[in-house]
Amino acid sequence: QVQLVESGGGMVQAGGSLRLSCVVSGSFSGFNIMGWYRQAPGNKRELVAIQLSDGSTRYADSVKGRFTISRDNAKNTVDLQMDSLKPEDTAAYYCNFIFSGRNYWGQGTQVTVSS
């Protein structure tokens, strides 16, 4: 049973930083993808950043140069360092894990950026 537990959301002023963390529990090996998505009220859930088990990364254009994803394969964790935050980054952020054709989600953590 794979479970994802996120932490690290909160409120910050524009220009500030936050770090999100996600622990992926369960037994798995082989190719997988860990990442972060976000959903603002009235919007669809969108990709923020993903990192494959081979280390390659992909970022949404809107966060390139500001956000950094990192994973620790030994600890099964994935973090999202968010710098230079903007009010438009306000959303619920969800940890995501894809493995063996299945898609797993965390419960979400709120990030609010005030102007």
Matching residues in the range 23-42 - criterion: being under 13 Å from the mean Cα position of the chain (by Cα) and loosely packed, with under 15 Cβ neighbours inside 10 Å: GLN39
Selection within the range 43-60 - open to solvent by 60 Å² or more (accessible area, probe 1.4 Å), modelled with pLDDT of 95 or more and over 11 Å from the mean Cα position of the chain (by Cα): ASN43, LYS44, ARG45, THR57, ARG58
Hey, GLY15 over 16 Å from the mean Cα position of the chain (by Cα), open to solvent by 50 Å² or more (accessible area, probe 1.4 Å) and not polar (S, T, N, Q) or not: yes
Failed condition for GLY10, given (1) more than 13 Å from the chain's Cα centre (by Cα); (2) open to solvent by 30 Å² or more (accessible area, probe 1.4 Å): (2)
Residues being open to solvent by 50 Å² or more (accessible area, probe 1.4 Å), β-branched (Val, Ile, Thr) and out of contact with any Phe, Trp or Tyr (no Cβ under 8 Å at 6 or more places or on another chain) - total across the range 80-115: 0
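The values are calculated or read from the model by the stated rules, or taken from the named source; none is laboratory data. Everything numeric here is computed off the predicted structure, so don't read it as measured data. FYI the Cβ positions are ideal-geometry reconstructions off the backbone, even for glycines, and counts take in every protein chain you see. We work out accessible area using only protein heavy atoms, side chains counted, and drop any ligands, DNA or RNA first. Shrake-Rupley method; radii C 1.70, N 1.55, O 1.52, S 1.80 Å.
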